[in-house]
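Enquirer: Below you'll find the structure I mean.
The values are calculated or read from the model by the stated rules, or taken from the named source; none is laboratory data. Keep in mind it's a predicted model, so treat the numbers as computed, not measured. When we count neighbours, we look across all protein chains shown, and the Cβ atoms used for this are built from the backbone with ideal geometry, even at glycine.
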Amino acid sequence: MQSDWDASAEAWIESLKTGGDFSRVAVLDRPMLAAVHASGARRVLDVGCGEGRFCRMISETVPQVVGLDPTARLLSEARKLGGAQYAQGRAEDMPFEDRDFDMVVSYLSLIDIPDNAAAIAEMARVVRPGGYVLIANLNSWVTAAQTKGRGVVRNKQGHSTMTVANYLTPHWYWAKWRGVKIKNWHRPVSQYMREALQAGLRLEDFQEPLADAGWARSESYNHAPYFWLQLWGKPE
């Protein structure tokens with residue numbers, strides 16, 4: 001049966017040909033790359049790598065980069081563009097050995113995964129002791145606002161009013177943009193953190209990064225940043 005990403009793969013690939021989206025280019029790329037570089041990791045796994053965009057970015061300084069994704073069309077594009085080794089598989093059941101990587105990255109992929117607890121446990125399994133798990137995700141107050149008939153309302157000045165509903169109850173909703181239609185999952189931030197703790201990880205850093213200057217959307221975004229980064233360490 002065709003998945004959401006199977007159906008949306010071509011639209012996603014086309015959307016990146018215009019230079020990528022604001023969320024990645026202006027907000028997350030810089031702190032994500034900084035965290036990878038600061039870790040000193042020599043072998044990195046990108047879970048939910050898609051067409052390999054972030055794999056190619058980190059491969060400029062990391063000797064061994066592996067991308068994992070369940071969507072065949074995205075992987076074919078990734079392999080065509082190179083920059084890493086690519087494997088097909090699910091985050092909840094990874095085809096890798098225990099302690100196989102220095103760092104595992106989840107770049108806006110947990111919101112697409114129904115069983116995020118299994119995915120986080122797998123990330124903890126395949127990273128070595130002393131290694132890191134780096135997660136970027138939408139802030140949970142944003143995903144709780146993605147409710148039919150509610151959500152985000154902007155006034156003429158560009159300021160937003162958000163209606164948050166069912167924050168403490170995990171649920172999914174359809175995210176739609178540029179021909180992409182994906183089932184995204186809302187979970188309270190406490191759930192993500194609790195599941196990482198249960199997987200034996202230790203929180204090393206937590207950021208809500210500002211957008212880079214020079215983008216038209218940066219000023220309004222920086223009033224209420226809607227992404228977070230968590231860096232988790234696996235104890236020796």
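Enquirer: Just to be sure, is Thr61 surrounded by fewer than 17 Cβ atoms within 10 Å (Cβ to Cβ) and either under 15 Å from the mean Cα position of the chain (by Cα) or on the phi < 0 side of the Ramachandran plot (or both)?
Expert: Yes.
Enquirer: Since Arg178 meets every condition but one in (1) closer than 27 Å to Asp102 by Cβ; (2) touching a residue at least 40 places away in the same chain (Cβ under 8 Å); (3) charged (D, E, K, R), which condition does it not meet?
Expert: (1)
Enquirer: Starting from region 81-104, take each residue that is charged (D, E, K, R) and list its partners that are not in a loop (DSSP other than H, G, I, E, B), counting only C-beta distances under 6 angstrom and pairs at least six apart or across chains.
Expert: Correct list of pairs: Glu92/Ala118; Glu92/Ala119; Asp98/Arg125; Arg99/Arg128; Asp100/Val126; Asp102/Arg43; Asp102/Gly131.
Enquirer: Hey, any hits in region 142-156 for a residue that's modelled with pLDDT of 85 or more, outside any helix (DSSP H, G or I) and farther than 24 Å from Arg90 by Cα? Give the steps one after another, and end with the answer.
Expert: Step one: list which residues in region 142-156 are modelled with pLDDT of 85 or more, which gives 142-145.
Subsequent filtering for residues that are outside any helix (DSSP H, G or I) retains 144-145.
Narrowing the set further to residues that are farther than 24 Å from Arg90 by Cα leaves 144-145.
Within region 142-156, one or more residues are modelled with pLDDT of 85 or more, outside any helix (DSSP H, G or I) and farther than 24 Å from Arg90 by Cα.
Enquirer: Can you list the strands (runs of 3 or more DSSP E) found entirely within region 162-236 that contain at least 1 residues being of a type in the set (A, V, I, L, M) and closer than 15 Å to Ser109 by Cα? Steps first, answer last, please.
Expert: Working: elements: 171-177, 180-186, 202-207, 227-233.
It comes to 171-177, 180-186, 227-233.
Enquirer: Looking only at residues in region 64-96 that are buried (at least 22 other Cβ atoms within 10 Å of the Cβ) and among the hydroxyl-bearing types (Ser, Thr, Tyr), which one is nearest to Ser3 (Cα to Cα)?
Expert: Step by step, filter region 64-96, then rank; the result is Thr71.
Enquirer: I've got another one for you. In region 181-213, which residue that is in contact (Cβ under 8 Å) with a residue 60 or more places away in the chain and small (Gly, Ala, Ser) is surrounded by the fewest Cβ atoms within 10 Å (Cβ to Cβ)?
Expert: The extreme case among them is Gly200.
Enquirer: Only one residue in Gly40, Gly52 is touching a helix residue (DSSP H, G or I) at 6+ places or on another chain (Cβ under 6 Å) and either on the phi > 0 side of the Ramachandran plot or of a type in the set (Lys, Arg) (or both). Which one? Before you say what the answer is, go through the steps one by one.
Expert: Working: Gly40 fails: touching a helix residue (DSSP H, G or I) at 6+ places or on another chain (Cβ under 6 Å).
Sole residue among the options that is touching a helix residue (DSSP H, G or I) at 6+ places or on another chain (Cβ under 6 Å) and either on the phi > 0 side of the Ramachandran plot or of a type in the set (Lys, Arg) (or both): Gly52.
Enquirer: Can you confirm whether Arg73 is out of contact with any Lys or Arg (no Cβ under 8 Å at 6 or more places or on another chain), basic (Lys, Arg), over 19 Å from Leu231 (Cα atoms) and not in a strand (DSSP E or B)? Don't jump to the end; show me each part of the working.
Expert: Values: out of contact with any Lys or Arg (no Cβ under 8 Å at 6 or more places or on another chain): yes; basic (Lys, Arg): yes; over 19 Å from Leu231 (Cα atoms): yes; not in a strand (DSSP E or B): yes.
Judged against the criteria, Arg73 is a match.
Enquirer: Considering only residues that are in a strand (DSSP E or B) and of a type in the set (A, V, I, L, M, F, W, C), look in region 45-58 and name the one that is surrounded by the most Cβ atoms within 10 Å (Cβ to Cβ).
Expert: So, considering only residues that are in a strand (DSSP E or B) and of a type in the set (A, V, I, L, M, F, W, C), the one surrounded by the most Cβ atoms within 10 Å (Cβ to Cβ) is Leu45.
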